[in-house]
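We did not get these values from a lab; they are worked out from the coordinates using the rules stated. As the structure is a computational prediction, the values presented were derived from the model and not from experiment. Glycine also receives a Cβ, built like all others from the backbone with ideal geometry; neighbour counts cover every protein chain displayed.
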Amino acid sequence: MPDPTPISDLWITTVLSISLILATVLFHYEALRIYTRMLEVPGRNPRVRILYLVFGLFILHIVEIVIFAGAFYGLHVIGLGELQGIESSQFFSYFYFSAVAYTTLGFGDIIPLGPAKILTAMEALIGLGFITWSASFTFLEMQRYWRDDQDDSTSGQKEN
């Protein structure tokens, strides 16, 4: 059965989705750049730096989920798709769906209809990318921390 959604609605949603992806990629990049500067504060315990990083990344992902939840709500308001299974129009429902899509859990209790399918697919793809980007960034910071820790212990042994 062909999709009854007008092609213009699909194009509008696609352009909005791509714009949202570009904006969130720039946001994620800039946040990581700021975190890098914050982590380089001299005299800060390396373990505390990593904790700041992990909590900062968690907040970053929550903000990105909120951005996408707002986009889903906006699509609903302007009539470009809906989310079947949302029991209320409270923002929390859109946040929940956005978090499920972003993390690629895909519970299936809420189903995107119409052009909202495009944003859902793009959010899942970019969410996976952001999570792996953040994991790689955390690994590199941990590697630097371990290297610095090893250098400190090695220099202490040489002095003895």
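Values for this structure:
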{"quantity": "Pairwise FRET efficiency - F139 versus F27, Cβ, R0 = 25 Å, nearest 0.05", "calculated": "0.70"}
{"quantity": "Charge dipole of the chain about the Cα centre (unit charges at C-beta), most positive-ward option of L20, L113, G79", "calculated": "L20"}
{"quantity": "Cα-centred dipole magnitude for the chain, charges only on beta-carbon of K, R (+1) and D, E (-1), debye, nearest 20", "calculated": "380"}
{"quantity": "Helix-only CD estimate at 222 nm, as mean residue ellipticity for the chain, using -39500 (n - 2.57) per DSSP H run (n ≥ 4)", "calculated": "-27500 deg cm²/dmol"}
{"quantity": "Alpha-carbon centroids, the range 42-60 and the range 95-141: separation in whole Å", "calculated": "24"}
{"quantity": "For the chain, the spread of Cα positions along each principal axis, largest first, Å", "calculated": "78, 28, 25"}
{"quantity": "Two-site label geometry, V54 and R147: point separation in nm, points 7 Å out along Cα→Cβ", "calculated": "2.2"}
